[in-house]
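Structure first, commentary second.
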Amino acid sequence: MNEEGIWKPALIAGVLVGILSTIPGLHLVNCACCAWVIGGGILAAHLYVKGSAAPVTLGRGLVLGLLTGAIGGAVYILFSIPLQIVLSGGSTRYFEQARQSLDQVPNLPPVLREALASMPTGGSELAVLLVLTGLLMIAAFSLPGMLGGLIGVAIFEKRKIETPTQVYHPPIDPSPPTGNEG
Amino acid sequence: MKRNPLNTRYVVLRVFLPAVLGMLCLAFVAAPWLEACGRLGAGAVLRAFFSLLCHQEAARSFSLLGHPWAVCHRCSGIYFGLFLLSLCPLRWNALLDEPRYRRVWIAAATMPLLLDALLPFAGLWINTPATRLATGALFGCMLASLLVRALVDCARAVPRPCTGSARPAPGGFA
């Protein structure tokens, strides 16, 4: 199987997913069962199946989708956080706005409210928080991406795959030995 | 009798996948239960996790003890469908080797969900919690069938370990 060929479709679709999920307004499409991410997985599968000489298995689609989702999540993090900071007019103001919007949430558990109030706004703690958020986003993008990759391969792969269960076994002669051989 | 390494992988697959999916189903039902028991922090963590994958609108979610589930009707159906079909035997799944059947199965499982979600915008259909759950469950079943098949492919792709009959050459690496 072409191991290197998996990266190109995953990168193309992953970057597209990340950008579309960041653009304000367009990102709302993800509210419909992560449609951009699933669509990205399907696109990656289409590109991969088109360029593959051998039939593509669903297992390969799963790996491709996971990769697409992970790249999409990473691109989303790279674009969304700076974009949000720019749109809110600076990092301090960004965190103030986030706190104000959290204050307006009714029935927010006091433990969570306190934890959010003590949220860091700079330094290494913020970096750790951002890295953790990034990892969570990559995991969250990978799951629907994986399903998209599966659906894409299932739709676009029209060549039949010979599985080990379909290997021809010659029939065994059931007649008992006569004892005259040898 | 020697144990086939592929069979071992299938057994792991048969146990691991339903276990993970079952835990996901338990998690989104547990969130309102935890909140009702006063464990607000734990419930909020579960809600925060599922908020990455679902809009969590309370009006479009089932409720337990007066608190909404952590995912909407349709997502609940998808997760339940995934879990239920992952419990089914692998044998019937060989149908998915035929690309034509595979595409028919995907279309048959996806169309009801799309129609149930999009027709209300045109004023031609009013969806209910039951239709959202049912169409989501059918879609989840389809996803689970592909997922199980894909994991079987992955299990086959992993190189088999050396068996006792394959002896290393003298002086060679074992």
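Side notes on the structure shown:
- Breaking point among (1) surrounded by fewer than 17 Cβ atoms within 10 Å (Cβ to Cβ); (2) within 12 Å of chain A (Cβ to nearest Cβ); (3) over 13 Å from B:Ser145 (Cβ atoms), for B:Ser63: (2)
- Test for B:Glu57: is it farther than 26 Å from A:Glu157 by Cα, of a type in the set (Asp, Glu) and within 11 Å of another protein chain (Cβ to nearest Cβ): yes
- Matching residues in the range A:53-69 - criterion: being open to solvent by less than 40 Å² (accessible area, probe 1.4 Å) and away from chain B (no Cβ under 14 Å): A:Thr68
- None of B:Leu46, B:Leu40, B:Leu65, B:Leu84 is under 14 Å from B:Leu143 (Cα atoms) and of a type outside the set (Phe, Trp, Tyr) except B:Leu84.
- Residue that is surrounded by the fewest Cβ atoms within 10 Å (Cβ to Cβ) [pool: residues in the range B:109-135 that are small (Gly, Ala, Ser) and within 14 Å of A:Cys33 (Cβ to Cβ)]: B:Ala117
- Restricting the range A:30-41 to residues that are touching a Phe, Trp or Tyr at 6+ places or on another chain (Cβ under 9 Å) and surrounded by fewer than 24 Cβ atoms within 10 Å (Cβ to Cβ), the residue that is farthest from the other protein chains (Cβ to nearest Cβ) is A:Asn30.
Here's the yes/no breakdown for (1) touching a Cys at 6+ places or on another chain (Cβ under 6 Å); (2) of a type in the set (Val, Ile, Thr); (3) free of Cβ contacts under 8 Å to residues at least 24 places away in the same chain:
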residue: A:Ile12; (1), (2), (3): no, yes, no
residue: A:Ile23; (1), (2), (3): no, yes, yes
residue: A:Ala32; (1), (2), (3): no, no, yes
residue: A:Gly41; (1), (2), (3): no, no, no
residue: A:Ala54; (1), (2), (3): no, no, no
residue: A:Leu58; (1), (2), (3): no, no, no
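- Selection from the range B:79-108 of residues that are in contact with a Gly (Cβ under 6 Å, 6 or more places away or on another chain) and open to solvent by less than 20 Å² (accessible area, probe 1.4 Å): B:Gly81, B:Leu82
- With respect to the conditions (1) crowded, with 22+ Cβ neighbours inside 10 Å; (2) under 30 Å from B:Asp97 (Cα atoms); (3) away from chain B (no Cβ under 11 Å), A:Ser21 falls short on a single one, namely (2).
The values are calculated or read from the model by the stated rules, or taken from the named source; none is laboratory data. Source: prediction; values computed, not measured. Counting neighbours? That spans all protein chains shown, and the Cβs are built from the backbone with ideal geometry, glycine included. With ligands, DNA and RNA removed, areas are computed over all heavy atoms of the protein, side chains included. Shrake-Rupley method; radii C 1.70, N 1.55, O 1.52, S 1.80 Å.
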